[in-house]
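Q: Below is the structure I would like to discuss, written out as structure tokens.
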Amino acid sequence: MTSFDIAIEPPANPRLAVLGCALHLAAAASPWLAHVPPSLAAPLTLVATVSVVSTLAAVPGPHNQILGLSLDGRGWRIRTREGTWVPAELGPRSRAFGSLVFLDLRSGGRRHAWLLTGNTVPAGPFRRLKARIRLT
């Protein structure tokens with residue numbers, strides 16, 4: 001499908017990283033603010049605090065292993081931090097929303113998560129990416 005060729009190399013997105021941290025902090029504090037018993041609030045807070053690492057790892061920037069994404073006649077490929085392009089597959093957890101895309105990419109036996117916002121990538125490739133996710 002040549003109409004869905006995609007090439008995306010987004011810049012770092014510190015605003016999304018800050019938003020992700022703020023949401024995790026709110027989730028960590030909410031059991032205590034809701035007066036949940038400490039025996040239940042403590043594990044909920046721990047999960048919210050520990051999961052911030054995986055959220056930050058999905059945001060484009062220095063903590064993410066993916067620098068670029070390409071889809072063409074050869075299939076999905078990702079550019080890793082080492083600078084090499086490797087084949088990848090789109091995982092079933094991938095989702096497309098209005099101005100946010102969550103990609104579940106699988107390459108070389110590893111899973112990579114990637115959060116992209118519409119204001120950090122060109123509009124055309126972003127629309128094609130959302131359409132491709134919705135078609136699969």
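The values are calculated or read from the model by the stated rules, or taken from the named source; none is laboratory data. Remember, it's a predicted structure, so these values are computed and weren't measured experimentally. Here the Cβ positions follow ideal geometry from the backbone for every residue, glycine too, while neighbour counts run over all protein chains shown. Heads up: the accessible areas ignore ligands, DNA and RNA and are worked out on the full protein's heavy atoms, side chains in. Shrake-Rupley method; radii C 1.70, N 1.55, O 1.52, S 1.80 Å.
Q: Residue pairs, Cβ under 6 Å, 6 or more apart or interchain, first in segment 89-116 and small (Gly, Ala, Ser), second surrounded by fewer than 16 Cβ atoms within 10 Å (Cβ to Cβ). List them.
A: Ala96/Arg134; Ser107/Val86
Q: Under the condition of being polar (S, T, N, Q) and open to solvent by 60 Å² or more (accessible area, probe 1.4 Å), which residue from segment 70-104 is nearest to His24 (Cα to Cα)?
A: Only one residue tops the list, namely Ser99.
Q: Report the residue count in segment 113-129 for those that are touching a strand residue (DSSP E or B) at 6+ places or on another chain (Cβ under 8 Å) and closer than 17 Å to Gly20 by Cα.
A: Count: 6.
Q: Further question on the same structure: Out of Leu67, Leu56, I need the residue that is in contact with a helix residue (DSSP H, G or I) (Cβ under 8 Å, 6 or more places away or on another chain) and either exposed (fewer than 12 other Cβ atoms within 10 Å of the Cβ) or aliphatic (A, V, I, L, M) (or both). Which one?
A: Leu56
Q: For segment 75-126, name all the residues that are charged (D, E, K, R) and farther than 19 Å from Leu56 by Cα.
A: Arg77, Glu82, Glu89 - these are the residues of segment 75-126 that are charged (D, E, K, R) and farther than 19 Å from Leu56 by Cα.
Q: Residues in segment 63-80: is at least one of a type in the set (D, E, K, R), under 27 Å from Ala22 (Cα atoms), in contact with an Asp or Glu (Cβ under 8 Å, 6 or more places away or on another chain) and at pLDDT 90 or above?
A: no
Q: Please enumerate the residues belonging to segment 26-53 that are open to solvent by less than 90 Å² (accessible area, probe 1.4 Å) and not in a helix (DSSP H, G or I).
A: Answer for segment 26-53, where residues must be open to solvent by less than 90 Å² (accessible area, probe 1.4 Å) and not in a helix (DSSP H, G or I): Ala34, Val36, Pro37, Ser51.
Q: Let me ask you something else. Within segment 6-17, identify whether any single residue is without any contact (Cβ under 8 Å) to a residue 12 or more places away in the chain, over 30 Å from Trp76 (Cα atoms) and surrounded by fewer than 14 Cβ atoms within 10 Å (Cβ to Cβ), and answer yes or no.
A: No: segment 6-17 contains no residue that is without any contact (Cβ under 8 Å) to a residue 12 or more places away in the chain, over 30 Å from Trp76 (Cα atoms) and surrounded by fewer than 14 Cβ atoms within 10 Å (Cβ to Cβ).
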